[in-house]
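Only the coordinates and a few stated rules stand behind these numbers; no lab work does. The shown structure was predicted, so the numbers you read here are calculated from the model rather than taken from an experiment. Because the Cβ atoms are built from the backbone with ideal geometry, glycine has one as well, and the counts that use them run over all protein chains shown.
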C-alpha cells in the first residue's frame with residue numbers, strides 16, 4: 001500500500017494527505033458542471049501538482065460521471081483516485097467498477113449519523129445505521145484495499161453514537177475516517193475537540209487516518225480543517241478556489257499555504273507544488289466559468305497588489321513589511337504596485353524607473369501632479385498611461401502655450417462648438433469657435449487664439465489601454481513653409497488630448513519660425 005494513504009506512515013509523522021474533491025463536491029456547486037474533457041484536464045493538473053487523492057466523481061450519479069471516473073483512474077500517474085458511494089450495494093459496486101483500473105483506487109462511502117438526518121433523511125434507527133456502516137465498509141473492502149468512510153453531518157452527531165460508528169467502520173475495513181462538517185456549522189474549538197475526542201475514545205483509532213471535510217457556510221472551513229489537523233487528523237479534503245455546494249469547501253490553496261507560511265504553529269508537511277497554485281486556480285475558474293473574487297486569499301488578483309501609498313512605500317523598503325509570502329511561491333509572478341489615487345511619490349518614482357524614465361525633481365513633481373489628476377478620473381492607471389502622461393509632460397515642459405480648459409458641444413444638431421482657454425506666455429486667453437464636428441471646432445478655436453497658415457497633415461487617435469476610461473493619445477502633424485512638426489497629447493478626454501496635441505505641434509512650429517528668423521538676421 002502507498003505511504004500516501006497508509007495510516008501508519010502518515011500518523012508516524014506530520015505528513016498531511018491532500019484530498020482534492022474539486023471534481024466531485026466542487027462540481028456539485030450550482031452552475032459548475034464540467035465536460036468530460038475538462039475533468040480530464042483538471043485531473044491531470046491536480047496529479048502533476050502533487051495532490052495525494054483525487055475524488056474524481058460520483059460514479060452512480062450518471063453514465064457520464066462513471067465514464068469520467070474510469071478514464072481518470074486509467075490516466076492518473078501518481079495520485080489515488082477515489083469514487084464516492086452511498087451505503088447501498090449498487091453505489092459501492094459502481095464505484096468499485098469505476099476505480100478498479102487505477103494504480104491506487106479508493107472507494108469513499110458515507111452515511112448520515114446525526115439525529116436529524118437519521119430521522120428525516122434516512123428514516124432509520126441508530127442500530128440500523130450501525131448495521132449499514134458495517135455492511136458498506138465490508139463491501140467496499142472487497143473491491144479495494146483503500147476504503148474511506150464518512151459520517152455525514154458528523155458535527156451534529158451525538159458523540160457516543162459517532163464513536164460506535166467510527167469503531168464499526170474501522171473494524172469492517174475502513175482505512176480513512178472522514179468527519180465532515182457537512183453544513184458548515186462548527187467552529188475551530190469545537191472541531192478540534194471532536195477530532196481529539198474520537199482519536200482518544202475509539203479503541204481502534206490508530207488503525208485509520210482521520211480526515212477533515214469542512215464546508216464554508218460560516219466562513220470557517222479552512223480554520224476548522226487546520227484545527228482538525230492540530231487535533232490529530234492527517235487528511236484534509238478541499239477544493240481549488242474553495243468551490244463546492246452552498247458557500248463552498250475549504251480552499252486547497254489556503255490550507256496548503258497556511259501550513260507552509262505558519263510552520264511555527266502548523267508544523268505539518270504536504271506534497272503540493274505550491275508554484276502551480278495560481279495556474280490551478282485559473283484552470284478551474286475557466287472550466288467552471290466561476291470567477292475568482294479579486295480579494296481571494298492566495299490566488300486573487302489583488303492578493304499581491306498594493307495601491308495604498310503607505311503600503312507601497314513599505315514594500316519598496318522591505319518586501320516583508322506587507323507580504324507574508326512571496327508571489328513567486330504560489331506561481332503568481334511578482335508583486336504589483338497598483339498605481340492609483342492612493343499611491344505616493346516614492347511608488348510613482350519607482351514605477352517611472354521600472355518603465356525607463358528618470359526625471360528631475362521639478363519634472364517629477366509636475367508629472368506626479370498630473371498623475372494624481374489622471375488617477376482621480378480612472379479606476380486603473382496602467383504603465384502605458386504613465387508613459388503617455390510623462391511623454392506628454394516632458395514634451396510640453398518648456399512650451400509657451402498650454403491648454404487650460406476646454407468645453408465642447410457636440411451631437412447631431414450642428415454646428416458643433418468649442419470654448420477654449422489657453423495659457424500663452426503666462427496669460428489666459430479664451431475664445432469660442434464652431435466647426436464641422438468637435439475636432440474641427442476645437443482646432444478652429446486654437447487658430448483664433450494663435451493665427452497661422454499651417455496645414456494639418458495628420459490627425460491620429462489611439463487608445464493607450466483597454467476600457468471605456470482609457471487614455472486617448474493623439475498625434476497631430478502640421479506643415480508650414482516646408483517645415484513639418486508633430487505634436488502629441490494624452491488625456492482620458494479625446495477632445496482635450498486633441499487640443500494638447502495641436503497646441504504642442506503649433507508650439508514646435510513657433511520655435512522653428514523663431515530659429516529661422518534668427519538665422520536670417522544673422523546672415
Worksheet item: Of all DSSP beta bridges in the chain, what percent run antiparallel (nearest 5)?
Response: 50 percent
Worksheet item: Could you put 260, 345 in order, starting from the residue whose Cβ has the fewest other Cβ atoms within 10 Å?
Response: 345, 260
Worksheet entry | Extended-chain gain in nm, criterion 0.36 nm per residue less alpha-carbon gap, residue 101 and residue 273 | 59.3 nm
Practice prompt. Calculate how steeply helix 188-201 sits against the longest principal axis of the alpha-carbon atoms of the chain, using the helix alpha-carbon long axis, and give the answer as 0 to 90 degrees to the nearest 10.
Written response: 20 degrees
Worksheet item: Can you give the alpha-carbon Rg of the stretch 399-522 over 2.2 N^0.38 Å, where N counts its residues?
Response: 1.09
Response to the item:
Computed over the stretch 114-203, the Cα gyration tensor eigenvalues, each multiplied by 5 and square-rooted, give semi-axes in Å (largest first) of 21, 16, 12
Response to the item:
Two pseudo-spin positions, 7 Å from Cα along C-beta at residue 372 and at residue 440, lie apart in nanometres by 4.1 nm
Discussion item. Using only Cα atoms and rounding to the nearest 10 degrees, what angle (0 to 90) does helix 221-231 make with the longest principal axis of the chain?
Written reply: 50 degrees
Practice prompt. Any chance you could give the angle, 0 to 90 degrees and rounded to 10, that helix 159-171 forms with the longest Cα principal axis of the chain?
Written response: 80 degrees
Item to complete: Largest first and in whole Å, give the semi-axes of the stretch 125-283's equivalent ellipsoid, each being the square root of 5 times a Cα gyration tensor eigenvalue.
Response: 27, 17, 16
Practice prompt. Please give, to one decimal in nm, the separation of the simple spin-label points placed at residue 74 and residue 246, each 7 Å out from Cα toward the Cβ.
Written response: 3.8 nm
Worksheet item: Mind checking Rg over Rh on the stretch 16-288, alpha carbons, Kirkwood formula for Rh?
Response: 0.94
Discussion item. Can you show me the helix-derived [θ] at 222 nm for the chain, built from DSSP H runs with n ≥ 4 at -39,500 (n - 2.57) apiece and divided by the number of residues, rounded to the nearest 500.
Written reply: -13000 deg cm²/dmol
Practice prompt. Give the Cα extents of the chain along the principal axes, in whole Å, largest first.
Written response: 111, 48, 39
Worksheet item: Counting alpha carbon pairs within less than 8 Å and at least 6 residues apart, what relative contact order, in whole percent, applies to the stretch 224-294?
Response: 24 percent
Worksheet, complete the sentence: Listed with the fewest Cβ neighbours within 10 Å leading, 294, 191 appear as 294, 191
Discussion item. Which three numbers, in whole Å and largest first, are the semi-axes of the equivalent ellipsoid of the stretch 9-159 derived from its Cα gyration tensor as √(5λ)?
Written reply: 26, 18, 15
Item to complete: List 62, 150, 475, 114 from most exposed to least, where exposure is judged by having the fewest other Cβ atoms within 10 Å.
Response: 62, 475, 114, 150
Discussion item. Below 8 Å, C-alpha to C-alpha, sequence gap of six or more: please give me the relative contact order for the chain in percent.
Written reply: 9 percent
